[in-house]
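Following: one structure in structure tokens, then a few remarks.
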Amino acid sequence: MSVNPVTQYALDVQNGKILTGKLMKLATKRHLDDLKMQRTPEFPYYFDEKILKGFLLFASRVPDPDTNEPVPLMAWQKFALGSLVGWRSEKTNGKRFKQAVISIARAQGKTYMASVLATYDFFIQSYDRYNQDIIVASNTSDQTKKLFNYTKGTIEKLIKPGALFEGLREDISPRFMDVFDNRRKNQIVRLTADGGHLDSYHANTAVFDEAGKQINRDAFEMITSGQVKQPEGIFIMISTAYQNPNAPLREDIKMATEDIEKGKHELDNYFLAVWSQDDVNEVFEPETWIKSNPLLGLPEQHDQLLEGLISKRDISMRQGKLNDFLVKSMNVWVNAEQDAAFELEDINNTVIEDFDIKGHQVYIGFDNSMTSDDTALAFVFPYEDEDGKRKWHLYQHSFIPWKKAGSIDAKESQDGINYRQMEELGFADVTQHEKGLIDNDFVFTWLMDFVSDNNLEVMSFAYDSAHAYATVKAVEETTNWQMQPVRQGSISLNEPTKWLQDAFVEGRVTRFDDAMMEKSLMNAVIVSDNNGIKIDKNKASFKIDLVDALIDALFDGLYHFEEYGQATKVQDEYDRMSDQQVNELLKSGGFTF
């Protein structure tokens, strides 16, 4: 019994016949698992081999406009494209997948794949329909021009005399900004994120090239909002990794990966296919580069492509731009911003699933809201792990104003953070103030309840010494905590900043999977002067408030295990006690002179 090409690729990956990274192993396992569940009440989807066969037949006849010859799809391309058209919904018989990410390194044929999808919809899927929109889009006019002209050139070849669709030649008009079917009124339109009008169409197929460059979801949402009534509607993001790990595309990759890994089945209509290296150290292992450069699987191109990649890597190393090579040629998301404070891989490696904070000693840092900034409380919990290694667990809770943005929707769009989701996860509170301002009483009450409910022993409460906020004064007047004002210059911040950088590299800190903390850490850059270094941001809308709070908390917290640290000072321990605790200690006789 023959196996269809999509399933065969999945089997070959799972059996180790084809080398891929872990994300493609996950994607192919998902396909095989889904085949076992198809057409069940819990999984109302099915894989239509007849539609797949028709699509692959069409694709085999699509010419490359540069050579005028069809380009045979490789196995990995058949898997990605075949999955998009082959998986169907039992409820609508339309496509199962409504959104998709296809991510590979540069120069791997993304444009050709996008062109095949657009022309398939135009000639086959929309053949007996009218007023259908097909969108090819990107960030700028120059980026969209390449994809659109490639697609237009393909269509011109397909309708020329003697070609597959020569009978439609009189109906179809390839123009500067669109390809128009005069009889059916169907069209392929060229759009850009910076040109607007994305929400003017109800696209069946929408392809967004180089989606990784978008810093917010505005353009994506304008496209998808017009697709909700289209049974064949699909929004496809095709891209290589970019230098900004806070990009919505990477967030979607992470979101979909987690859903598939944990078997949640909450995103069954979201397709994910990412060809990338698994580790930055693989940059020195060319034998693994097929993970991100699947064209290396073509024998006739292998040697030339590999030689070019090795040469590019070596030159990038000499130029001090290895991160650029990792991003573009290895399809690895790294923080390639100049003077970035932290590396993405180091941040990801600190995530742990569980940490019981109850009864712990804690160092608290406080960063108050200024205009559009968030108010952040950072908590640093020193502890020893199972192996006796000294570590520090980092936690934060932020309070979100929206007055300057005008609404919480605008605030989320501006900052690129889903604050309401963060609130649901327990990492934030969106202000309930009718004017969108921070409620200082709410912040103070939340902090007091958090410390009390978790029976925390506060070692110090650190804050910006230049601002005696209402919250700071309230803490000072109502607790016996050690108050630690911290000057915000490089002299004071140099040591905790450098310590935090090293701690991420060396694995001395842990944290929960908190998207706000990750984004803030990735936004942080290092600035220096003659007195040392400190954290800053390179764009006003980039949020680093909670990183500032972490640095303040570490002003004392980094010395916790030292002999001169706060935890070993007996007098400080007495100072931190409440009147009730002192009274109980005196009665018990549990003290010495």
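Tabulated values for the structure
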{"quantity": "Estimated [θ] at 222 nm from DSSP helical runs (n ≥ 4, -39500 (n - 2.57)) normalised by residues in the chain, nearest 500", "calculated": "-11500 deg cm²/dmol"}
{"quantity": "Helix 5-14 axis, angle to the chain major axis (alpha carbon atoms, nearest 10°)", "calculated": "40"}
{"quantity": "Residue-span extension gain [residue 425 to residue 15] - 0.36 nm each, minus C-alpha spacing", "calculated": "143.8 nm"}
{"quantity": "Fraction of accessible area attributable to carbon and sulfur, segment 78-186 (%, probe 1.4 Å)", "calculated": "48"}
{"quantity": "Solvent-accessible area per residue for segment 1-113 (1.4 angstrom probe, square angstrom)", "calculated": "46"}
{"quantity": "Amide hydrogen neighbours beyond the local backbone of residue 237, cut-off 5 Å, H modeled", "calculated": "100, 101, 102, 208"}
{"quantity": "Gain upon complete extension [residue 435, residue 92; 0.36 nm per residue less C-alpha separation]", "calculated": "119.0 nm"}
{"quantity": "At most 15 other Cβ within 10 Å, DSSP loop - GluC sites (Glu not before Pro), segment 1-107", "calculated": "42, 90"}
{"quantity": "Within segment 133-230, GluC sites (Glu not before Pro) in DSSP loop having at most 10 other beta-carbon neighbours inside 10 Å", "calculated": "170"}
{"quantity": "Residue 124 accessible area, assembled protein chains, probe 1.4 Å, Å²", "calculated": "70"}
{"quantity": "Carbon and sulfur %, accessible surface of segment 370-453 computed with the full protein complex present, 1.4 Å", "calculated": "45"}
{"quantity": "Alpha carbon centroid spacing (whole Å) that separates segment 494-520 from segment 105-156", "calculated": "43"}
{"quantity": "Members of 36/264; 91/185; 145/328 lying beyond 23 Å, as alpha-carbon distances in this model show", "calculated": "91/185"}
{"quantity": "Segment 1-75 - percent of accessible surface contributed by carbon and sulfur, probe 1.4 Å", "calculated": "56"}
{"quantity": "Anisotropy class of segment 157-309 from Cα gyration tensor, a/c 1.5 cut", "calculated": "oblate"}
{"quantity": "Segment 238-285: GluC sites (Glu not before Pro) falling in loop per DSSP and having at most 14 other Cβ within 10 Å", "calculated": "266"}
{"quantity": "Length released on extending from residue 495 to residue 197, taking residue separation times 0.36 nm less the Cα-Cα span", "calculated": "102.3 nm"}
{"quantity": "For residue 19, solvent-accessible area (1.4 Å; no DNA, RNA or ligand), Å²", "calculated": "80"}
{"quantity": "Helix 490-506 vs. the chain, principal-axis angle (Cα, 0 to 90°, nearest 10)", "calculated": "60"}
{"quantity": "Three-way shape label, segment 117-157, alpha-carbon gyration tensor, a/c 1.5", "calculated": "oblate"}
{"quantity": "Accessible area of segment 338-404 divided out per residue, in Å², using a probe of 1.4 angstrom", "calculated": "45"}
{"quantity": "Tensor-based shape of segment 51-139 (alpha-carbon gyration tensor, a/c under 1.5 rounded, otherwise prolate or oblate)", "calculated": "rounded"}
{"quantity": "Percent of beta bridges antiparallel (DSSP, the chain, rounded to nearest 5)", "calculated": "45"}
{"quantity": "Residues residue 302 and residue 266, FRET efficiency given R0 of 35 Å [Cβ-Cβ distance, rounded to 0.05]", "calculated": "0.30"}
{"quantity": "Segment 442-516, accessible area per residue, ligands and nucleic acids excluded (1.4 Å, Å²)", "calculated": "45"}
{"quantity": "Pair residue 284, residue 57: separation of 7 Å Cα→Cβ label points (nm)", "calculated": "5.3"}
{"quantity": "Calculated volume of the Cα convex hull per residue in Å³ (choose from [x] 162; [y] 220; [z] 192), label", "calculated": "[z]"}
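The values are calculated or read from the model by the stated rules, or taken from the named source; none is laboratory data. What you see is a predicted model; the values in this text were computed from it and never measured. Backbone-built Cβ (ideal geometry, glycine too); neighbour counts: all protein chains shown. SASA here: full protein model, heavy atoms, side chains in, ligands and nucleic acids out. Shrake-Rupley method; radii C 1.70, N 1.55, O 1.52, S 1.80 Å.
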